[in-house]
Amino acid sequence: KGYSPFAAAQETFRLQFDYSRQAMAPFEADLMRQVTPFYVFARRMIDHLADELINRPGGRMGAAIRTAARAHDTDAKTPDYVARTGAVPFGEQDDGTRRYMTGFGMPWEDPLGFMSDPTMPGAFLRNFGAEALARTTPAIKLPLEWSTGQSFFQRTGEGGRSLIDMDPILGRTQANIRDMLTGETTHHVSPLGGQLFEAVVANSPYSRLFTTVRQMTDARKHEDPLMLASNMLTGIRFAHISPAAQDAVARELVDQRYKELGGSGFTRMHAPEERRAEMPTWQQQQLALFDAFYNTLADRAKMRAEERERLSP
């Protein structure tokens, strides 16, 4: 196209990125590249994205981002780990499960993962920091997640989602296989080999393989074979959000806002009957003891309130 060799080389490095050590600052080459496995791509993509949006705002990349933003779902019941993606609504199943297109396989999606609501500086900084930690090498991320008890990838309005509340990869895969053989549906599963072992697997080099097996054995995904094939074979990603997950997100948002307004409350754990029915007898017996304990605490609180009311002038 008439480029000189030097100009052609510059344009090639602008579009394809120069991953050589010479193209990085010593701090990036000696530290950041070791701490964050895909740091070079993310760093170069941020520069490329800024250059495109500033110098060519009406270009193809800018148009694609605006189109995705207009289609983005703004429902408060959308989980954070979905809302931070493309989150394009893609229909709803009969049971209320929502389907989302969460990724288009485009390179500009990567730096946008650091973004959140710019009108909320605290939320923006929290999301930016959590996203940066989520991209660190497993040797760093795993000890930090385990020590804090929170996931840096899946987040709520108050911070990282508790590791206890997350669906374990191996435990869910085992339950999926059992459900395929029995025709039943397992709602709640326990970590296979313990929570620490599940965390190690999730941060291992084979985590993508285990996640793929979990998807392949999930009977719910078989209802949308094209979406399942897209998740496994292309860069276009889809997610299914159950009604229970939607309600859980809505409750978290209300609880968070309630606390911000000065409210407080006593949280009581609860295990639905359908989950209890799936548990072994010893687990059901332990839950019954815990329920009795909660009832005792509630009775004490009621008695203290009645006593304060009686003594008040």
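Listed by first and then second residue, the pairs with beta-carbon distance under 7 Å, at least 6 apart or on different chains, first residue in the stretch 229-241 and among the aliphatic types (A, V, I, L, M), second outside any loop (DSSP other than H, G, I, E, B) and open to solvent by 40 Å² or more (accessible area, probe 1.4 Å), are I241/R98.
Does the stretch 29-69 hold any residues that are touching a Phe, Trp or Tyr at 6+ places or on another chain (Cβ under 7 Å) and open to solvent by 70 Å² or more (accessible area, probe 1.4 Å), and which are they? Across the stretch 29-69, the qualifying residue is only R33.
Annotation: L228 fulfils all but one of (1) within 18 Å of the chain's Cα centre (by Cα); (2) of a type outside the set (S, T, N, Q); (3) surrounded by 15 or more Cβ atoms within 10 Å (Cβ to Cβ); the unmet one is (1). Whenever a residue of the stretch 37-49 is hydroxyl-bearing (S, T, Y), its partners that are outside any helix (DSSP H, G or I), lying with C-beta atoms within less than 8 angstrom and at least six residues away or across chains, give the pairs Y39/R135. Within the stretch 15-28, being open to solvent by less than 90 Å² (accessible area, probe 1.4 Å) and assigned to a loop (DSSP other than H, G, I, E, B) holds for F17, D18, S20, M24, A25. Within the stretch 124-156, the set of residues being modelled with pLDDT under 80 and open to solvent by 40 Å² or more (accessible area, probe 1.4 Å) comprises F124, L125, R126, Q154.
Screening V254 with (1) open to solvent by less than 60 Å² (accessible area, probe 1.4 Å); (2) part of a helix (DSSP H, G or I) gives one miss only, at (1).
Only one entry of A271, A277, A298, A292 meets the criterion of being modelled with pLDDT of 75 or more, surrounded by 11 or more Cβ atoms within 10 Å (Cβ to Cβ) and over 26 Å from T78 (Cα atoms), and that entry is A298. Within the stretch 11-36, the set of residues being in contact (Cβ under 8 Å) with a residue 12 or more places away in the chain, on the phi < 0 side of the Ramachandran plot and aromatic (F, W, Y) comprises Y19 only.
In summary, D95 fulfils each of the numbered conditions (1) at pLDDT 85 or above; (2) open to solvent by 70 Å² or more (accessible area, probe 1.4 Å); (3) of a type in the set (D, E) with the single exception of condition (1). Tell me yes or no: at least one residue of the stretch 179-198 is over 25 Å from R275 (Cβ atoms) and of a type outside the set (D, E, K, R). No, that holds for no residue.
Would you confirm, using the coordinates I've provided, whether G86 is touching a strand residue (DSSP E or B) at 6+ places or on another chain (Cβ under 9 Å) and closer than 20 Å to R14 by Cα? No; evaluated as a whole, the condition is false for this residue.
The values are calculated or read from the model by the stated rules, or taken from the named source; none is laboratory data. This is a predicted model, so every value here is computed, not measured. Note that we place each Cβ from the backbone using ideal geometry, even for glycine, and neighbour counts take in every protein chain shown. When the accessible area is computed, the model is the full protein with side chains, heavy atoms only, and any ligands, DNA or RNA have been set aside. Shrake-Rupley method; radii C 1.70, N 1.55, O 1.52, S 1.80 Å.
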